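Enquirer: Supplied in C-alpha cells, the structure appears directly below.
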Amino acid sequence: MAKIHTFHIHSLQGDPVDFATFEGKVLLLVNTASKCGFTPQYKELQLLHERYSDQGLIVIGLPCNQFGEQEPGDADEIREGCLINYGVDFLITEKIDVNGPNAHPLFQYLKEVCPGLMGNDIKWNFTKFLIARDGTPQRRFAPVTKPLKLESKIKRLLG
C-alpha cells in the first residue's frame with residue numbers, strides 16, 4: 001500500500017477519515033482558510049469535485065489557521081462559511097497545522113515528497129497537492145495556481 005493510504009484524519013464533523021478508503025482514487029489536497037484572499041478558490045474546487053468525483057476524484061480541504069490567522073473559527077463556523085458562501089460539499093477535515101512541530105503527519109509527508117521551490121514548508125493557504133490513484137504524490141501547486149488550471153492534469157490521472 002502506498003504511504004498516502006496509511007494516514008488518518010478527522011472530518012470537520014469529528015468522524016474518522018481513513019485514507020485507505022481512497023485507494024484507487026485521485027486526490028486533490030488543499031490547505032484552506034475562510035478569510036484568505038484565495039478563499040474564492042473554493043468555487044473552482046467545488047466545480048472540479050462536481051465534474052470528476054464520479055470518475056474517481058476526491059477533493060479534500062484541510063483548514064489551517066497558521067497563515068495570518070485566516071481560519072480562526074471553530075468547526076461550525078468553518079462548515080457554515082464553506083457551505084453558505086461557496087456551496088462546498090466535498091470533504092473538509094478538522095483544522096490542522098501544516099508547518100512546525102505540530103504539523104499533521106500527512107503534511108509532514110507531503111512536504112517531504114513534494115518540496116517547494118524555496119524549502120519544504122507550506123508558504124500560504126491554498127497550497128495544493130495532486131495524488132495519483134496509486135497514492136503517489138505527483139506535484140505541489142502554489143496558492144496562486146487556480147484549481148481549474150489543474151484540470152488537464154486531473155483528467156490525465158483519472159485516465
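Enquirer: Please tell me the relative contact order of the chain in percent, rounded to the nearest whole number, where contacts are Cα pairs under 8 Å and at least six residues apart. Please report the intermediate quantities before stating the final value.
Expert: Details: 289 pairs, mean separation 49.1, N = 159.
It rounds to 31 percent for the chain.
Enquirer: Hey, what number do you get for the chain at 222 nm if only DSSP H runs of n ≥ 4 count, each worth -39500 (n - 2.57), divided across all residues, to the nearest 500? Let's see the in-between values first.
Expert: Working: 4 runs with 41 residues, N = 159.
That calculation yields -7500 deg cm²/dmol at 222 nm.
Enquirer: Quick one: which of LYS43/LYS149; LYS35/LYS149; LYS95/LYS128 span more than 18 angstrom between C-alpha atoms? Can you show the working numbers first?
Expert: Details: LYS43/LYS149 13 Å; LYS35/LYS149 22 Å; LYS95/LYS128 16 Å.
In this structure, LYS35/LYS149 exceed 18 Å between Cα atoms.
Enquirer: Right, here's the next one. Rounded to the nearest Å, what's the spacing between the alpha carbon centres of region 1-72 and region 101-116? Just the number, please.
Expert: 15
Enquirer: Taking all pairs of distinct Cα atoms, average 1/r, flip it, and tell me the Kirkwood hydrodynamic radius of the chain in Å to one decimal place. Could the numbers behind the result be given before it?
Expert: Numbers: mean 1/r = 0.0647 Å⁻¹.
Across the chain, the inverse of the average 1/r is 15.5 Å.
Enquirer: Would you look at the GNM of the chain, springs on alpha carbons closer than 10 Å, and say which of ARG139, ARG79, ARG51 moves the most?
Expert: ARG51
Enquirer: Give me the aspartates and glutamates in straight-line cross-link reach of LYS123: C-alpha distance below 17 Å, same-chain residues under 8 apart excluded.
Expert: GLU69, GLU71, ASP97, GLU112
Any read-out appearing in this document is the output of simple, stated calculations on the displayed coordinates, not a laboratory observation. A quick note: this is a predicted structure, and the numbers were derived from the prediction, not measured.
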